[in-house]
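Coordinate-derived values only; no laboratory data. Nothing here was measured: the structure is a model prediction, and the numbers come from that model. Positions of Cβ are backbone-derived with ideal geometry, glycine not excepted, and every protein chain shown enters the neighbour counts.
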Amino acid sequence: MSDKMYKILIAEDESDIIELLRLYLENAGFIVIGAADGIEALNIIESEHIDLAIFDIMMPRLDGYQLIRKVREKHNFPIMVLSAKNQDSDKILGLDLGADDYLTKPFNPLEIVARVKSALRRFYQLNDNTQEQNSGVIRVGEITLNTISMSADKNGEEIPLTPTEFKILSLLMQNPGRVFTRTQIYESVMGEYYESDDNTIMVHISKIREKIEKDSKKPEYLLTVRGLGYKIAKM
């Protein structure tokens with residue numbers, strides 16, 4: 001990462017949690033802005049340049065799920081969820097709506113800092129690297145990925161990918177035929193892998209298939225290699 005001072009937004013109705021995270025994140029060199037609810041967070045996002053956001057789910061006025069949906073209409077910066085809602089269905093919904101990572105309470109503040117650093121490094125490193133490519137266009141079959149405009153389409157029809165989905169698909173499409181394990185995908189796209197992240201990549205893979213395949217249950221592009229991981233078919 002560069003020496004830029006990254007600005008982190010924390011939307012959380014428990015002020016003690018905001019202040020705890022502020023202490024650790026500011027100590028790590030970040031600028032931290034707190035919001036007590038989803039509406040306040042949206043107003044901040046419209047008036048400030050935010051590099052990464054951490055959202056609670058259960059907030060007044062506008063909950064975290066609604067907030068993610070609203071933010072993803074206009075912005076693609078990394079979003080992390082930090083919530084007491086710890087069921088797989090909660091995590092799947094958060095990732096489905098466009099979150100890049102989902103952590104549950106209670107949490108280790110040092111892990112939050114590590115994940116924030118990793119998410120920023122991956123997100124901005126990807127953007128910097130793609131600017132150095134000549135055309136930035138990757139094609140596999142009917143799917144085209146533009147790593148400069150960060151867009152994807154199939155037969156000219158736009159594929160609405162979240163930032164994390166884009167990075168996973170980009171990794172796989174740049175290496176057609178190569179098998180990546182879930183851990184390799186996670187570490188390449190999102191940073192250090194933790195045991196609690198086991199379902200995260202599976203959820204993202206499932207959502208990508210729904211968007212790029214004719215029949216997500218009979219994929220032609222994004223294939224599962226049993227016992228190993230995933231790959232993009234050579235076409």
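With axes computed from alpha carbons, what is the tilt in degrees of helix 200-212 against the longest principal axis of the chain, rounded to the nearest 10 within 0 to 90?
On a 0 to 90 degree scale, this one is about 50.
DSSP loop GluC sites (Glu not before Pro) in the stretch 20-84 with at most 12 other Cβ atoms within 10 Å of their Cβ, which ones?
GLU48, GLU73
Express in nm, to one decimal, how much length is gained between ARG226 and LYS214 on full extension, taking 0.36 nm for each residue of separation and deducting their alpha carbon distance.
Length gained, ARG226 through LYS214: 2.2 nm.
Between MET5 and THR104, what is 0.36 nm times their sequence separation minus the Cα-Cα distance? Round to one decimal in nm.
33.0 nm
I want to verify a result. In a Gaussian network model of the chain, Cα cutoff 10 Å, which of these has the top mean-square fluctuation: LYS154, LYS214, LYS70?
LYS214
Would you list which aspartates and glutamates come within 13 Å of LYS74, measuring only between C-alpha atoms, while excluding same-chain residues fewer than 8 positions from it?
Cα-Cα hits under 13 Å: GLU46.
To the nearest 20 Debye, how big is the dipole of the chain about its Cα centre, given +1 on the beta carbon of each Lys and Arg and -1 on that of each Asp and Glu?
My answer is approximately 1040 debye.
Can you sort SER151, SER47, SER118 from fewest to most other Cβ atoms within 10 Å of each residue's own Cβ?
The order, fewest Cβ neighbours first, is SER47, SER151, SER118.
In terms of Cα to Cα distance under 13 Å, which aspartates and glutamates are near enough to LYS91, apart from those fewer than 8 places away along the same chain?
ASP56, ASP100, ASP101, ASP197, ASP198
With unit charges on the beta carbons (Lys and Arg positive, Asp and Glu negative) and the dipole taken about the Cα centre of the chain, which residue among ASN108, GLY64, MET150 sits farthest to the positive side?
About the Cα centre, the residue reaching furthest to the positive side is MET150.
Using all alpha carbons of the chain, what is the percent of pairwise distances in each 10 Å bin, ordered from the shortest bin to the longest?
Binned Cα distances yield the sequence 7, 33, 36, 19, 5, 0.
So if R0 is 41 Å, what FRET efficiency would ARG69 and GLN184 give, r being the distance between their Cβ atoms, rounded to the nearest 0.05?
Efficiency at R0 = 41 Å is approximately 0.85.
If neighbour count is taken as other Cβ atoms inside 10 Å, put TYR102, TYR124 in order from fewest to most.
TYR124, TYR102
Would you mind getting me the FRET efficiency between SER206 and SER149? Use the beta-carbon distance for r and R0 = 22 Å, nearest 0.05.
Efficiency computed from Cβ-Cβ geometry: 0.30.
About the Cα centre, and with charges only on the beta carbon of Lys, Arg (+1) and Asp, Glu (-1), how big is the dipole of the stretch 134-232? Nearest 20 debye, please.
340
What is the Rg over Rh value, at two decimals, for the stretch 7-127, using alpha-carbon atoms and the Kirkwood definition of Rh?
When Rh is taken as the Kirkwood radius, the ratio is 0.92.
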